[in-house]
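Working notes, structure below.
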Amino acid sequence: MTKTKTITATLITLTLAGALGACGSAQLVQGHHSGGKLVLSGGYMPAMGEARMLMLEHCDGRFNYVEEGQGVDFTCTDKLRATLATPDALAAQE
């Protein structure tokens, strides 16, 4: 194999490896009004990007999160959601 073909083959291999490694996703496995839990799969950066979008949507903007292995536990920090999550507020809704 010539040097040019070797370099081309190496670039193709690296490109494919990078593309496959860039795939990632997040899935909401447990959700409630004040937070939830996500499971990450695939590449870390794309999966966390999707996880942040899911948390933003779920919490209407503000949240705190803790990564645990392939999972993310999150809590919504919106004052309205926190008020709705109190035991008195939950009892009033029943």
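Does any residue of segment 77-89 turn out to be out of contact with any Phe, Trp or Tyr (no Cβ under 7 Å at 6 or more places or on another chain), outside any strand (DSSP E or B) and at pLDDT 90 or above? Looking through segment 77-89, none of the residues is out of contact with any Phe, Trp or Tyr (no Cβ under 7 Å at 6 or more places or on another chain), outside any strand (DSSP E or B) and at pLDDT 90 or above.
Can you say whether Gly43 is of a type outside the set (D, E, K, R), modelled with pLDDT under 95 and touching a Cys at 6+ places or on another chain (Cβ under 7 Å), as far as the supplied structure shows?
Working: of a type outside the set (D, E, K, R): yes; modelled with pLDDT under 95: yes; touching a Cys at 6+ places or on another chain (Cβ under 7 Å): yes.
Yes; evaluated as a whole, the condition is true for this residue.
The values are calculated or read from the model by the stated rules, or taken from the named source; none is laboratory data. Please read these numbers as outputs of a predicted model, since none were measured by experiment. FYI the Cβ positions are ideal-geometry reconstructions off the backbone, even for glycines, and counts take in every protein chain you see.
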